[in-house]
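A.B. asks: This is the structure, below, for whatever I ask next.
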Amino acid sequence: MSMHESRISTFRRLHLSGCFVMPNPWDAGSARALEQMGFRALATTSAGFAWTLGRADNQLVLDEALGHLGSIVDAVSVPVNADFEGGFAVQPAQVAENVKRAVATGVAGLSIEDSSGDESQPLFEFDLAVERIQAARQAIDESGTGVVLTARSEGFVVGRPDLEETIRRLRAFSEAGADCLYAPRIESAEQVSAVVAAVAPKPVNLLINAPFITVAKAADLGVRRISVGGTLARTAWQGFLNAAREIASEGSFSCFEDLPNVDAMLR
């Protein structure tokens, strides 16, 4: 069994029972650090990576994203799930081609979202959104890899927090072949329970980017997988900005106390 096949097999097993946390590194160093802490899988963050390039989220181009996926996969031995945004295309046929390229980077899973990037109509029309998931499913099946396909409905992210519509889309995505379902930014136990029940027995990924729930409580609600999106990257930015602001405004360096030995950790 190749390394890619082994990682996919491991990732699929993680989705069968229990609840696991899949944190999101933003570069190879943060990925290695998280692996050393014992996390059994990792996920990329498009936002965290975009910030390292001096851009906001959703401003990456396909080749940049693919290169980043390869660098994270090469840095660790655990499965990596790709935040593949909207597949870097609108039409299903091009989504499929791009998914094939993402699979070739060695990722064990990838997600496709239904956010359009159009402020006037921020979600793709329902039928098109479903066709895009079908295309991603077909591309993975044709690859013969078994990469885990996660389908995301972004209503709560883009200002359309309609739980009923979100569930309608997730159910359709499940029927279209998604292995895992994901509604980022739901943030109450009631919403989480509703999504879990709606798509059962398929596993659900829960984004935790604020302290509204614990791992144990999420597991009790039936969540199978937890990710944190760009929030670990934001905590790193917070430390950096706090220290830099102190230097700029006070001329002091108190934030330089009790810092980690990064060299020792990454040797």
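Each value in this text was obtained by applying a stated rule to the coordinates, not by laboratory testing. What you see is a predicted model, and the numbers here were worked out from it, not measured in a lab. Using ideal geometry, Cβ is built from the backbone for each residue, glycine included, and neighbour counts are taken over all protein chains shown.
A.B. asks: Per the Debye formula with a single identical scatterer at each Cα and no solvent contribution, what log10 I(q)/I(0) holds for the range 127-267 at q = 0.10, 0.12, 0.18 Å⁻¹?
C.D. replies: Log10 I(q)/I(0), no solvent term: -0.50, -0.64, -0.99.
A.B. asks: Can you give the log10 of the normalised intensity I(q)/I(0) at q = 0.11 Å⁻¹, computed with Debye over equal Cα scatterers of the range 3-230?
C.D. replies: Result of the Debye calculation: -0.48.
A.B. asks: Next question. Let's see if you can work this out: charge +1 on each Lys and Arg Cβ, -1 on each Asp and Glu Cβ, no other charges. What is the dipole magnitude of the chain about its Cα centre, in debye to the nearest 20?
C.D. replies: On the way: 23 positive and 33 negative charges, 162 e Å.
Its charge dipole is roughly 780 debye.
A.B. asks: If the chain between ARG267 and SER120 were fully stretched, how many nm would it gain, using 0.36 nm times the residue separation less the Cα-Cα distance? If you can, show how the numbers build up before the last one.
C.D. replies: Working: separation 147, 0.36 × 147 = 52.92 nm, distance 4.92 nm.
Between ARG267 and SER120, full extension yields 48.0 nm more.
A.B. asks: Can you list the residues, at least 5 places off or on another chain, whose amide H is less than 5 Å from the amide H of GLU113, using H built in the peptide plane?
C.D. replies: GLY86, GLY87, ARG152
A.B. asks: Further question on the same structure: Amide H to amide H under 5 Å from PHE20: which residues, 5+ apart in sequence or cross-chain, H placed 1.01 Å off N in plane?
C.D. replies: ARG225, ILE226
A.B. asks: While we're looking at this one, here's another question. Run the numbers on the range 3-230 and let me know its relative contact order in percent, using alpha-carbon pairs under 8 Å that are six or more apart. Intermediate values should be presented prior to the final figure.
C.D. replies: On the way: 442 pairs, mean separation 47.4, N = 228.
Dividing the mean separation by the residue count of the range 3-230 yields 21 percent.
A.B. asks: Now a separate question. Would you please state which residues of the range 24-43 a label at ASN209 would reach in this model, taking the label point 7 Å out along Cα→Cβ and a backbone N cut-off of under 17 Å?
C.D. replies: Counting only backbone N, you get 24-27, 43.
A.B. asks: I've got another one for you. Order the peptides 14-22, 116-124 from the highest to the lowest mean number of other Cβ atoms within 10 Å of their residues. Before the final figure, lay out the partial values.
C.D. replies: Numbers: 14-22: 15.8, 116-124: 13.9.
Ranking, from highest mean packing down: 14-22, 116-124.
A.B. asks: Right, here's the next one. Tell me, what HN-Hα J-couplings in whole Hz come from the Karplus equation 6.51 cos²θ - 1.76 cosθ + 1.60 at θ = phi - 60° for each residue of the range 193-198, using x for Gly and Pro?
C.D. replies: 4, 5, 5, 4, 5, 5
A.B. asks: Still on this model: So what are the ³J(HN,Hα) numbers for the range 101-117, from phi and the Karplus equation (6.51, -1.76, 1.60; θ = phi - 60°), rounded to whole Hz, Gly and Pro as x?
C.D. replies: 5, 5, 4, 5, 6, x, 5, 8, x, 7, 10, 10, 10, 9, 6, 8, x
A.B. asks: At 222 nm, what helix-only mean residue ellipticity would the chain give, in deg cm²/dmol to the nearest 500, using -39500 (n - 2.57) for each DSSP H run of four or more?
C.D. replies: Per the formula, -14500 deg cm²/dmol.
A.B. asks: Here is a further query. What full-extension length gain, to one decimal in nm, is calculated for ALA219 and ARG40 as 0.36 nm per residue of separation minus the Cα-Cα distance? Working shown, then result.
C.D. replies: Numbers: separation 179, 0.36 × 179 = 64.44 nm, distance 1.63 nm.
Between ALA219 and ARG40, full extension yields an extra 62.8 nm.
A.B. asks: Given the options MET1, SER193, ILE226, identify the residue whose Cα lies farthest towards the positive end of the charge dipole of the chain (+1 on Cβ of Lys, Arg; -1 on Cβ of Asp, Glu).
C.D. replies: MET1
A.B. asks: Which order, highest average first, do 40-48, 236-244 follow once you tally other Cβ atoms within 10 Å for each residue and take the mean per peptide? Mind showing how you got there, number by number?
C.D. replies: Numbers: 40-48: 24.1, 236-244: 12.1.
Ranked by mean Cβ neighbours within 10 Å, highest first: 40-48, 236-244.
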